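Right, one structure below, let's go through it.
The values are calculated or read from the model by the stated rules, or taken from the named source; none is laboratory data. It should be emphasised that the depicted structure is a prediction, and the values quoted were computed from it without experimental measurement. Because the Cβ atoms are built from the backbone with ideal geometry, glycine has one as well, and the counts that use them run over all protein chains shown. With ligands, DNA and RNA removed, areas are computed over all heavy atoms of the protein, side chains included. Shrake-Rupley method; radii C 1.70, N 1.55, O 1.52, S 1.80 Å.
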Amino acid sequence: MTAEAPSAVAVDKSQDSAPATGVRAWLSRHPLAAYAIRRFGLYLIELWGALTIAFFFFRLMPGDPIQTLIQTLQQNYIYNAQASAEIIARYKHEFGLDGNLLTQYVVYMQKLVLHGDLGPSLINYPTPAQTVILRALPWTIGLLGISAVLAWILGVVIGAIAGWRRGKLGSAIATNLSIALSHVPYFFVALILVYIFAYSMGVLPARSAYDSNINPGINLAFIGSVLKYGLLPGLSIVVIGTFSWILSTRMLMVPVLGEDYLVYAEAKGLKGWRILTRYALRNCYLPQITAFGISLGFIFNGNVLVEQLFNYPGLGTTLVTAIQQLDFNTILGVTDIAIFSVLTAVLLLDLLLPLLDPRVKYWK
């Protein structure tokens, strides 16, 4: 007897049952990695697009910063025509303003990506723009970061309580105040706070970031001075931010209260505070986490005016000074940091959200 060859059907089945190989198969077996890779790729595209738009937007602004600088220097020094032309050419090369717009863009992106070099700063020449920005960055992080996080925490907690106790007097007061004040500009609240606490009562300073009589350093006197001088600008951001988060959190809380799982938890005999914190609030703060990352850009815009009002040495004051003198390198540096911060915050929140909320699934 001779052995029969396996049928074509059996061969096909054995091939189908063989483990798939390749990148697609690996990604299908690791949805977390696939989600992270896709999200990071989208993040890089968004970052490149935003940086490109910012570059062309500011470079197309009218005005010649080098010519303005030369005219200022000529008021104090005497140049002949040949020397002035040579200085202008050298300055244009140093500031990346020679060549056509496309050439400027390629040189700028090459220096930024490969070397982290923004070029010299016109407002503090010849100091590099990144050095000027890094000096101001800790002040903005301390003011904006702490104020934004504090406003988010207070707004989510108070908004959840206001939604949970809807119909009560306290809930009505918080809701009406939030509707009235959530869209008030930061600088307007800052002006009111300065008038009350700085000029009328005289208990808090109106300008600067710390007492000029104290030497900066890691000591209690300097830290206390920084906290005292930062109280008014920080409070102006916290007040408006808190009212905004109260309103949005309450809007998320009210529809959740009629869900069956809350009725079941109440029927089990759980206390109201436990139902609020362990069940209802979990469905409200998760969307607010994503909204917090998106809101950072809007908070930064308001922070620029607040820093200018209080003469605070942060990125906002640096940006305004750079715009006044057409310092493109510093302007683009501050704008790039704002773009990078917002997009990175949104990326991290998108990666963490599926871990916090089991209802969010990684796509395949």
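Could you list all residues from segment 176-194 that are over 16 Å from residue 308 (Cα atoms) and of a type outside the set (S, T, N, Q)? Give the derivation first.
At the first step, the residues of segment 176-194 found to be over 16 Å from residue 308 (Cα atoms) are 176-184.
Once the filter is applied, which keeps residues that are over 16 Å from residue 308 (Cα atoms) and of a type outside the set (S, T, N, Q), segment 176-194 yields 177, 179, 180, 181, 183, 184.
Taking the residues in segment 259-314 that are aromatic (Phe, Trp, Tyr) and over 30 Å from the mean Cα position of the chain (by Cα) as candidates, determine which candidate is nearest to residue 335 (Cα to Cα).
Looking at the filtered set, the residue picked out is 273.
Out of all the residues in segment 116-127, is one or more of a type in the set (A, V, I, L, M, F, W, C), over 30 Å from residue 279 (Cβ atoms) and assigned to a helix (DSSP H, G or I)?
So far as segment 116-127 goes, no, none of its residues is of a type in the set (A, V, I, L, M, F, W, C), over 30 Å from residue 279 (Cβ atoms) and assigned to a helix (DSSP H, G or I).
If residue 244 satisfies every condition in (1) surrounded by fewer than 20 Cβ atoms within 10 Å (Cβ to Cβ); (2) within 28 Å of the chain's Cα centre (by Cα); (3) among the hydroxyl-bearing types (Ser, Thr, Tyr) but one, which is the exception?
(1)
Kindly establish whether residue 250 is surrounded by 12 or more Cβ atoms within 10 Å (Cβ to Cβ) and under 19 Å from residue 288 (Cα atoms).
Spelling it out, residue 250 is indeed surrounded by 12 or more Cβ atoms within 10 Å (Cβ to Cβ) and under 19 Å from residue 288 (Cα atoms).
Among the residues of segment 237-252, is any over 30 Å from residue 280 (Cα atoms) and part of a helix (DSSP H, G or I)?
no
Restricting to segment 253-289, count the residues that are of a type in the set (Ser, Thr, Tyr) and either assigned to a loop (DSSP other than H, G, I, E, B) or buried (at least 16 other Cβ atoms within 10 Å of the Cβ) (or both).
Qualifying residue count for the region: 2.
Test of understanding: among 292, 340, 300, which residue is part of a helix (DSSP H, G or I), over 23 Å from residue 160 (Cα atoms) and at pLDDT 75 or above? Spell out how you get there, then give the answer.
Details: 292 fails: over 23 Å from residue 160 (Cα atoms); 300 fails: at pLDDT 75 or above.
Result: 340 is the single residue among 292, 340, 300 that is part of a helix (DSSP H, G or I), over 23 Å from residue 160 (Cα atoms) and at pLDDT 75 or above.
Taking residue 46 as the residue in question, decide whether it is at pLDDT 60 or above, among the charged types (D, E, K, R), surrounded by 10 or more Cβ atoms within 10 Å (Cβ to Cβ) and more than 17 Å from residue 330 (Cα to Cα).
So residue 46 passes the test.
Return yes when residue 158 is of a type outside the set (Ser, Thr, Tyr), part of a loop (DSSP other than H, G, I, E, B) and open to solvent by less than 80 Å² (accessible area, probe 1.4 Å) and no when it is not.
no
Suppose we filter 89, 83 for residues that are at pLDDT below 75 and surrounded by fewer than 16 Cβ atoms within 10 Å (Cβ to Cβ); which single one remains?
Every option except 83 fails the conditions.
Just checking, how many residues over segment 211-236 are assigned to a helix (DSSP H, G or I) and either in contact with a Phe, Trp or Tyr (Cβ under 6 Å, 6 or more places away or on another chain) or surrounded by fewer than 19 Cβ atoms within 10 Å (Cβ to Cβ) (or both)?
14
I'm checking my understanding of the structure. Among residues of segment 181-210 that are open to solvent by 30 Å² or more (accessible area, probe 1.4 Å) and of a type in the set (Gly, Ala, Ser), which one is modelled with the highest pLDDT? So that I can check it myself, show each step before the final result.
Of all residues in segment 181-210, those open to solvent by 30 Å² or more (accessible area, probe 1.4 Å) come to 181, 183-188, 191-192, 195-197, 199-204, 207-208, 210.
Cutting the leftovers down to of a type in the set (Gly, Ala, Ser) gives us 200, 202, 208.
Values: 200: 83, 202: 78, 208: 76.
Restricting to residues being open to solvent by 30 Å² or more (accessible area, probe 1.4 Å) and of a type in the set (Gly, Ala, Ser), the top hit is 200.
So, in segment 85-122, how many residues would count as being among the hydrophobic types (A, V, I, L, M, F, W, C), over 12 Å from residue 66 (Cβ atoms) and in contact (Cβ under 8 Å) with a residue 60 or more places away in the chain?
In the first step, residues of segment 85-122 are kept if they are among the hydrophobic types (A, V, I, L, M, F, W, C); the result is 85, 87-89, 95, 97, 101-102, 106-107, 109, 112-114, 118, 122.
Of the ones still in play, those that are also over 12 Å from residue 66 (Cβ atoms) are 101-102, 106-107, 109, 112-114, 118.
Checking which are in contact (Cβ under 8 Å) with a residue 60 or more places away in the chain leaves us with 112, 118.
Final tally of qualifying residues: 2.
Take residue 133 and tell me if it is β-branched (Val, Ile, Thr), in contact with a helix residue (DSSP H, G or I) (Cβ under 6 Å, 6 or more places away or on another chain), under 30 Å from residue 291 (Cβ atoms) and open to solvent by less than 70 Å² (accessible area, probe 1.4 Å).
Yes.
Here are the criteria: (1) buried (at least 19 other Cβ atoms within 10 Å of the Cβ); (2) part of a helix (DSSP H, G or I); (3) at pLDDT 80 or above. Tell me which single one residue 312 does not satisfy.
(2)
Give the residue, chosen from 292, 222, that is out of contact with any Gly (no Cβ under 8 Å at 6 or more places or on another chain) and free of Cβ contacts under 8 Å to residues at least 24 places away in the same chain.
Working: 292 fails: free of Cβ contacts under 8 Å to residues at least 24 places away in the same chain.
When all the criteria are applied, what remains is 222.
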